[in-house]
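Quick note: the coordinates plus some simple rules give every number you see, no bench work behind them. Only a predicted model underlies this, so the values are computations on that prediction, with no experimental measurement involved. Here the Cβ is made from the backbone with ideal geometry for all residues, glycine too, and neighbour counts use every protein chain on show.
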Amino acid sequence: MQVHETAFVVSTYRSYHENISKDIYARLWNNPATDALIPDILNSVSKHEAILHSLRNRFFHESLQSFFKENNKGCLINFGSGFSMYQFSLDNTLSTIEVDKKDIVDYKKEKVDLWTREGKLPSRDIQYASIDFNHKTTEEIVASLTPLIKKKPTFIIIEGVFFFLNRQTTNKLFEVFKELQKPGDKVGCVTYLPEVEKTDVYNRLLAYFDSNNDTNDSFSHQTIPHDYFLNINGYTLKEYTDEFDLCKKYVSDNKISNKSDILNESLFVLEKI
Ligand SMILES: C[S@@+](CC[C@H](N)C(=O)[O-])C[C@H]1O[C@@H](n2cnc3c(N)ncnc32)[C@H](O)[C@@H]1O
């Protein structure tokens with residue numbers, strides 16, 4: 001499976017549980033090739049993946065709503081945005097910058113422009129930046145994004161991405177965030193903690209990627225300890241949760257009784273100081 005296919009898979013998961021994800025536009029990205037991939041993932045890795053990704057979207061949907069209520073002319077910057085659709089459910093006064101690899105960004109722009117013209121999506125102020133985080137320097141990324149932000153308050157989101165990056169690139173991105181943001185701005189991010197590496201379900205995930213990597217689309221399998229997020233230069237941790245706890249909060253017929261049975265991601269909201 002190529003990295004860009006993971007963006008289609010996650011979006012399709014959100015479309016299965018619109019009442020939880022609150023992403024009523026995810027279904028626009030659904031397609032037969034992704035539909036064909038999903039049963040094997042749910043069977044061979046974990047049947048809970050769709051609901052967990054929907055919960056992740058719900059958490060950030062609510063974080064973004066509350067930030068942009070206070071900062072209604074702010075800017076949402078989504079790093080590794082894939083096919084996330086947050087801005088279409090938020091107020092039309094905010095602007096969005098979608099940052100991802102060129103193939104994703106080009107495809108997303110083409111489709112979003114088309115669906116907006118057809119009236120399937122509400123019109124939003126969206127700018128696109130094609131950047132490969134592994135190949136560009138801090139200075140290059142900051143120089144491309146600064147003019148797009150226009151000094152607005154920002155909420156940066158990076159979810160479902162650290163797993164594919166190494167620590168050096170992750171550190172570089174936090175340097176970028178520090179340069180782009182002002183005090184009071186936020187970063188929402190997601191990772192697997194190293195504890196997850198011991199679970200059977202995580203090892204099934206790695207085995208799935210290994211056995212389905214027919215394209216040599218290589219990537220890291222990064223996990224990041226909780227402490228990392230307490231020691232980021234320029235930031236303080238404001239909120240921490242995980243998908244196991246979000247399940248208890250949002251899923252009424254929740255049948256997940258043990259953290260180690262699921263691919264439990266940790267979610268952090270940091271504030272620039
Ligand atoms: C699993 S998808 C998650 C997409 C989206 N954040 C979501 O939650 O639906 C991972 C995304 O990270 C992007 N990505 C991975 N490595 C990247 C890199 N080195 N530079 C830029 N984007 C990258 C992929 O292109 C893909 O869109």
In this structure, does Ala7 turn out to be closer than 23 Å to Lys102 by Cα and either crowded, with 22+ Cβ neighbours inside 10 Å or touching a residue at least 60 places away in the same chain (Cβ under 8 Å) (or both)? yes
Go through region 219-253 and count every residue that is exposed (fewer than 13 other Cβ atoms within 10 Å of the Cβ) and more than 22 Å from Asn166 (Cα to Cα). 5
Which helices (runs of 4 or more DSSP H) sit wholly inside region 156-273 and have at least 3 residues that are over 19 Å from Leu42 (Cβ atoms)? 167-180, 243-250
Give all pairs with beta carbons closer than 6 Å in which a residue from region 160-185 that is over 27 Å from Ser54 (Cβ atoms) meets a residue that is assigned to a helix (DSSP H, G or I) and polar (S, T, N, Q); count only pairs at least 6 apart in sequence or on separate chains. Lys172/Thr138; Glu175/Thr138; Val176/Thr138
Pull up region 125-143, narrow it to residues that are surrounded by 15 or more Cβ atoms within 10 Å (Cβ to Cβ) and within 13 Å of the ligand (Cβ to nearest atom), then point me to the one that is farthest from Glu70 (Cα to Cα). Lys136
Of all residues making up region 73-110, the number that are surrounded by 15 or more Cβ atoms within 10 Å (Cβ to Cβ), within 14 Å of the ligand (Cβ to nearest atom) and either over 17 Å from the mean Cα position of the chain (by Cα) or in a loop (DSSP other than H, G, I, E, B) (or both): 9
Verdict on Lys152 being among the basic types (Lys, Arg), in contact with a strand residue (DSSP E or B) (Cβ under 8 Å, 6 or more places away or on another chain) and under 29 Å from Leu55 (Cβ atoms): yes
